[in-house]
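The values are calculated or read from the model by the stated rules, or taken from the named source; none is laboratory data. Quantities reported herein were computed from a predicted structural model and do not represent experimental measurements. Every residue, glycine as well, gets a Cβ built from its backbone with ideal geometry; the counts of neighbours run over all protein chains shown. In case anyone asks, the SASA skips ligands and DNA or RNA and just uses the protein heavy atoms, side chains included. Shrake-Rupley method; radii C 1.70, N 1.55, O 1.52, S 1.80 Å.
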Amino acid sequence: MEYTLTSLYYLLGYLVWRINVCYWREKFGDFDKMPCVIDDSTGEKHVYLLPMHEYPGLVKIAYHSGIDCDPDRRDEHAPTDDREVKIIQRFINNYLPGIDGNKPVITESCMYTVTPDWELVLDHHPSHPNIVIGCGFSGHGFKLAPVVGKILSELATGQEPSYDISALRISRFGKSVVSKASL
């Protein structure tokens, strides 16, 4: 049987989202010195801002939500969700007078694997202990890369993890996921 990313995520109960990552023009400069910002006043999800050095004069602002996507065909369908852009525009116009909120200069896509509880998985495969799994970062993986790398290397080399990862085990999703994953 051939396994694709789609079948793996389905077995584990994950969603795969494609999100818009928008880069907006600075009006005054100096945003390269700004901190990372997360604002959750928009409702269910949040808006986040990151200083960008690869696009001078632009600020990365995105809405932490997305549309369902087939990860095996991510480049075949790349619709833009204007709803996300409008949420970001309202946020910019209400709170960021130093950013031009008319339209993003650049829009790129990013893929999120979202677990049912929005927490990542760090574990051994339930049926194949020689396989180490690190996935389902729900858009937060880049922030956690150093510690996740350390934990995964410890798991792969048979060491006890330096941190308590009991809440990140695959078994938290119940026996049906564990038995499906053993296929």
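Observations on the model:
- Residues of segment 91-111 satisfying the condition of being among the aromatic types (Phe, Trp, Tyr) and more than 24 Å from residue 18 (Cα to Cα): 95
- Selection from segment 154-165 of residues that are outside any loop (DSSP other than H, G, I, E, B) and farther than 17 Å from residue 144 by Cα: 156
- Matching residues, segment 119-153, being over 19 Å from the mean Cα position of the chain (by Cα) and part of a loop (DSSP other than H, G, I, E, B): 125, 126, 127, 128, 129, 130, 131
- Scanning segment 122-167 for residues that are without any contact (Cβ under 8 Å) to a residue 24 or more places away in the chain and among the β-branched types (Val, Ile, Thr) yields a count of 3.
- Filtered by the rule that a residue be in a strand (DSSP E or B), touching a helix residue (DSSP H, G or I) at 6+ places or on another chain (Cβ under 9 Å) and surrounded by fewer than 21 Cβ atoms within 10 Å (Cβ to Cβ), segment 33-57 gives 39, 51.
- Within segment 73-107, considering residues that are modelled with pLDDT under 85, of a type outside the set (A, V, I, L, M) and open to solvent by less than 70 Å² (accessible area, probe 1.4 Å), the one farthest from residue 27 (Cα to Cα): 77
- Selection over segment 44-69 of residues that are modelled with pLDDT under 85, among the charged types (D, E, K, R) and under 24 Å from residue 27 (Cα atoms) gives a count of 1.
- Segment 140-164, subset modelled with pLDDT under 95 and of a type in the set (A, V, I, L, M), residue least open to solvent (accessible area, probe 1.4 Å): 148
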